[in-house]
Structure formats: C-alpha cells, structure tokens
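Some notes on the structure that comes next.
Just so it is clear, none of the values below were taken in a lab; they were calculated from the coordinates. Being a predicted model, the structure only gives us computed values, none of them experimental. When we count neighbours, we look across all protein chains shown, and the Cβ atoms used for this are built from the backbone with ideal geometry, even at glycine.
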Amino acid sequence: YAAQRYGKPEASGQHRDLKHKDGCPIIYTFGTASADESGVAGTVSVGDARLLFFPVQSMAGPVWVTTQELLEWAGFTEVNAAWTESGVISSTLAGWKEPLNLSWLRLDTPKPLTLRPPGALKDDKCYQAISARLVAISPKLFGQIVNNNLEVRTSVSINWKTGAAEEHMLFTYEAIPRGAWLFSEVVEDNYRNKPFPAVTRCFAGGVEDSGEGLGESWSQPLDVLKSGLRMIEYLGVGGMGTRGFGRMKLLAEAVTVVVGGAA
C-alpha cells in the first residue's frame with residue numbers, strides 16, 4: 001500500500017524485475033530479497049495486533065470490554081480498575097447501579113473505573129464515543145467473553161460452472177465484530193550507514209521524488225509505514241475483502257524513543 005501510494009507498485013512484492021532501487025524509500029523501509037548480495041533487510045518491525053476494546057451487548061447497551069493489563073500495555077496511565085476472577089468488574093458507565101451482563105454472562109454491579117488515555121488518543125472522537133462505555137474485567141473472563149462473542153458467519157461454496165450451491169459444502173467461520181479496537185507495537189530499527197531518502201513527491205519517470213505531491217513528508221521509515229497503514233481503511237487487509245473484512249482505521253499513535261537503540 002505504501003508503494004501504491006508512492007506511485008511505484010513494482011517496489012512491493014519480490015522485486016524480481018525491480019529497477020531504481022537506489023534512493024527508494026519503499027526499499028529502504030521494507031527491504032528486498034534478492035538472489036545476489038544486493039538484498040537488504042527492512043528497517044521497521046511490526047508486531048502482532050492485539051485486542052484492546054472488544055464490543056459486547058449488555059442490558060446497558062453496547063459496552064467495550066478490556067483488562068487492566070491491556071490498558072497499561074497500550075499506554076493508558078493512572079488505571080484504577082477493581083476486578084476478580086469471581087465476577088467483580090469495573091466500568092465507566094455513569095449511573096449504572098445494578099449487576100451487569102456481558103452477553104449471556106451476568107456479573108456483579110460494576111465498580112468505578114478511572115484511567116488516563118495516551119495524549120494522542122485523548123481528543124480522538126472515536127475514543128470519546130466509547131470512553132463512557134468501557135468495562136474492565138479479569139484476563140480469564142476477557143478470553144471467555146471474546147471467544148463466546150465472536151461473530152459466527154455461515155457460507156456455502158458455489159459451483160463456478162452452474163452458479164448453484166455445492167452440496168454438503170456449508171461451512172461457518174468466526175470473525176472479530178465491527179467496532180473492535182486493536183493495538184500493535186512498531187519498532188524502527190534503522191542501523192544503516194546511509195541516510196533515509198526523504199521525499200515529498202511521488203515516484204514518476206523512473207526518478208524518486210519527481211511526481212505529484214504526496215501531501216505529506218516522508219522523513220523516516222515510520223512515515224512510509226504509516227502511509228501504507230492508512231490505506232487499510234479503504235482497501236482492507238487479509239482475506240475475504242469482498243465480504244467486508246479487513247477494514248481498519250489508524251486512530252492514534254504514541255512514540256517512544258530509546259536512547260542508544262531503536263526508536
């Protein structure tokens with residue numbers, strides 16, 4: 001997606017016929033595999049995406065469940081959440097004074113949940129829309145809630161010749177529901193001796209930074225990665241894209257610089 005945004009789609013993939021490697025921000029960021037000694041490693045490491053807020057139906061309407069550990073790993077501070085494995089939970093629901101159900105599971109009356117979001121997320125409209133409907137539960141209950149509230153969808157294989165359903169080919173699969181929040185760690189480990197080829201314009205005419213304006217400045221590998229991630233909102237990622245899967249929106253980021261190491 002970053003290569004497509006840059007106007008140089010041939011910079012993605014296996015690069016078997018790629019020309020113009022020198023000075024390419026895509027190659028600098030993601031690396032390339034080659035049979036000869038010209039192959040180079042990428043300069044960004046992307047971790048697995050983890051669930052942060054998971055939407056569940058309740059008597060109080062939709063709520064988003066999480067755990068204290070997930071909140072702290074995602075950069076939330078001053079997290080004050082009371083919870084036990086036996087059903088004590090905490091919530092930001094205002095005025096709810098009775099036991100709360102999370103789908104089929106009935107738990108105790110929520111205790112107050114307080115937390116401070118990361119600065120980049122504090123003023124985000126999407127976070128503000130759910131911040132008053134958060135429920136913190138135990139890690140054990142969190143796993144059970146997620147596993148029992150994934151969307152189960154049913155499909156059938158279609159015979160491409162007749163256009164009719166194949167006999168005995170009905171199957172189901174699970175999906176994360178729309179509205180779930182995920183977070184991931186991205187590390188820029190740039191130890192190359194040559195500087196990043198900063199660009200502000202797209203690739204054109206076989207020359208880097210020579211086309212139309214990008215609308216943003218790529219001054220480091222993380223800028224290239226974020227540009228590609230933003231396109232997932234429109235093009236999706238993973239399989240079953242024609243069924244609406246894989247649409248994600250990049251909402252906020254928190255940057256930590258490690259002195260003497262990676263940023």
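Overview of values
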quantity: Cα coordinate range in region 143-238, projected on the principal axes (Å, largest first); calculated: 58, 42, 25
quantity: Euclidean distance between Cα centres, region 85-157 to region 1-25, Å; calculated: 42 Å
quantity: GNM flexibility winner over the chain from SER157, SER12, SER217 (Cα, springs under 10 Å); calculated: SER157
quantity: Gaussian network model of the chain, Cα within-10 Å springs - most flexible of ILE130, ILE27, ILE158; calculated: ILE158
quantity: GluC sites (Glu not before Pro) within region 12-105, DSSP loop, no more than 10 other Cβ atoms inside 10 Å; calculated: GLU37, GLU85
quantity: Cβ-derived FRET efficiency at R0 25 Å, ASN148 paired with ALA82, nearest 0.05; calculated: 0.60
quantity: In nm, spacing of pseudo-spin labels at LYS21 and THR109 (7 Å Cα→C-beta vector); calculated: 6.8 nm
quantity: Candidate lysines for bridging to LYS97, where Cα separation is under 23 Å - those fewer than 8 sequence places away on the same chain excluded; calculated: LYS111
quantity: Degrees between helix 221-230 axis and first principal axis of the chain (Cα, 0 to 90, nearest 10); calculated: 60 degrees
quantity: Helix 139-149 axis, angle to the chain major axis (alpha carbon atoms, nearest 10°); calculated: 80 degrees
quantity: Residue of ALA136, ALA94, ALA74 that the Gaussian network model of the chain assigns the largest fluctuation, springs spanning Cα pairs under 10 Å; calculated: ALA94
quantity: Segment VAL156-ARG230, length gained on full extension (0.36 nm per residue, minus Cα span); calculated: 23.4 nm
quantity: Size-normalised alpha-carbon gyration radius of the chain, reference 2.2 N^0.38 Å; calculated: 1.25
quantity: Sites SER210 and VAL186, calculated FRET efficiency, Cβ-Cβ separation with R0 25 Å, nearest 0.05; calculated: 0.30
quantity: Cα-based shape type of region 184-233, given that a ≥ b ≥ c are square roots of the gyration tensor eigenvalues and the cut on a/c is 1.5; calculated: oblate
quantity: Cα-Cα separations in region 1-102 greater than 22 Å, expressed as whole percent; calculated: 55 percent
quantity: Leading residue at positive end of dipole, the chain (Cβ point charges), from LEU51, ALA132, PHE30; calculated: ALA132
quantity: Where the Cα pairs of region 59-144 fall when distances are cut into 10 Å bins, in %; calculated: 17, 54, 26, 2
quantity: Difference of contour (0.36 nm per residue) and Cα-Cα distance, ALA41 to CYS126; calculated: 27.0 nm
